[in-house]
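These notes are about the structure you will find just below.
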Amino acid sequence: MSRKSIKNVLVLLIVSLLPFCIFANGSKEAAAPAATVKTTVLQVAFNQSETHPQYKALMEFSDSLFKATDGRYKLDIKPNALLGDQQSTIEMVQDGAVDMSVISNSLMENFNKDFAVLGLPYVYNSVAHQKAVFTSGILDSLFATTKANGFQVVAAFTAGARSIYTDKPIKVPADLAGYKIRVMQSDTMVKTLDAMGAVGTPMGQGEVYTAIQQGVIEGGENNEITYADLKHYEVAPYYSYTRHLMVPDLVIIGNTVFKSMSATDQATFLSLCKQMTDREFVLWNDTIEVAKQQAIAGGAHFSNVDIAPFQNNCLPLIKSLVTSDTAKALYNSITSLGK
Ligand code: GCU
């Protein structure tokens, strides 16, 4: 065969094989997996550390959400107040700069006064009572009211019981005379500490350590986990079990991002939120003793307190705050679950 005829045969061969090549390529595409799922990552502002039980509950929620939505949603939790203190992250959620945040109930009463009922002094008699309230569904309508403010509450977390810590053990209300005790930026909390005999002094969580160190305030009040996590025992080593407040923490999500989910994904999200509440109570109980031991190793002294005089001092405050029909109904529903 001449060189020319070899060339012609080769050209013929290539041309005749071309359709098979195209077909083969097409078949390959047809066998490829369906279009890759786009994962929407929801950014969550969180003001505690990665070892906090609420962080762990949120991580587990993220895994379950990812699986249940076939990879369409997961969370990216920003701990240690990286995105700002709770007060400023509410505003970020409202304008869509952040998708979700964990906010103390105390800050919610600035949107709807009825939230104050959930954070009244001595309203829950135990963690079990609080769990019964959070999982009963009686709070759902209250939680939906903030939709008018650009976000909704999708889950409630326990944050244990708050007790006072300062430079001496506190036994009776008179021990707190003239003592400025830091509280969250909430009217109810200021009034509660005032009723207990102290001077309730509002400020963000991140400022407390330095404020005590510099003598701007004499102490704070919080659960054992935050007390240990933020090493407040270094500046206020006497933790007295007044257990005056069991303020819930609330998980919020912005309206815009929630509405962007399909109805099915919204339902999945909300049902997983209910499971997350249950799970957080377990994680909380598992962490309490560890936190306490960590604080003791760092020099903290824990002491028990007869709570009756503190409780009695708070009764007029409770009466003055539970006045509207909604607040009364809510108060009765909460307390009846504790009987
Ligand atoms: C608790 C609570 C937080 C809150 C903090 C505070 O740790 O879980 O939500 O921010 O107290 O006292 O500010």
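The values are calculated or read from the model by the stated rules, or taken from the named source; none is laboratory data. Given the structure is predicted, the values throughout are model-derived calculations rather than measurements. Note that each Cβ is placed from the backbone with ideal geometry, even for glycine, and that neighbours are counted across all protein chains shown.
In the stretch 100-114, the residues that are more than 16 Å from the ligand (Cβ to nearest atom) reach residues that are outside any helix (DSSP H, G or I) with C-beta atoms within less than 8 angstrom, at least six apart or across chains, in these pairs: K113/S324; D114/S324.
The set of residues in the stretch 192-227 that are within 18 Å of the chain's Cα centre (by Cα) and farther than 15 Å from I170 by Cα comprises G204, Q205, G206, N223, E224, I225, T226, Y227. Of the numbered criteria (1) at negative phi; (2) surrounded by fewer than 16 Cβ atoms within 10 Å (Cβ to Cβ); (3) more than 16 Å from the ligand (Cβ to nearest atom), the one S62 fails is (2).
Within the group T201, T226, which residue is touching a residue at least 40 places away in the same chain (Cβ under 8 Å) and β-branched (V, I, T)?
Numbers: T201 fails: touching a residue at least 40 places away in the same chain (Cβ under 8 Å).
Answer to the selection: T226.
Give the residue, chosen from T256, T192, T287, T268, that is touching a Cys at 6+ places or on another chain (Cβ under 9 Å) and either polar (S, T, N, Q) or at positive phi (or both).
Details: T256 fails: touching a Cys at 6+ places or on another chain (Cβ under 9 Å); T287 fails: touching a Cys at 6+ places or on another chain (Cβ under 9 Å); T268 fails: touching a Cys at 6+ places or on another chain (Cβ under 9 Å).
Testing whether each residue is touching a Cys at 6+ places or on another chain (Cβ under 9 Å) and either polar (S, T, N, Q) or at positive phi (or both) leaves just T192.
Once the stretch 157-190 is narrowed to residues that are among the small types (G, A, S), assigned to a loop (DSSP other than H, G, I, E, B) and more than 16 Å from the ligand (Cβ to nearest atom), the residue that is nearest to E207 (Cα to Cα) is G178.
Show me the helices (runs of 4 or more DSSP H) entirely contained within the stretch 16-113 in which 2 or more residues are modelled with pLDDT of 95 or more and among the charged types (D, E, K, R).
Details: elements: 53-68, 86-94, 105-108.
Fully inside the stretch 16-113 and qualifying: 53-68.
If only residues of the stretch 205-223 that are surrounded by 17 or more Cβ atoms within 10 Å (Cβ to Cβ) and near the ligand (Cβ under 10 Å from one of its atoms) are counted, the one that is farthest from D286 (Cα to Cα) is V208. Here the stretch 230-263 is the region considered, the condition is being of a type in the set (S, T, N, Q) and under 26 Å from P173 (Cα atoms), and the residue that is surrounded by the fewest Cβ atoms within 10 Å (Cβ to Cβ) is S240.
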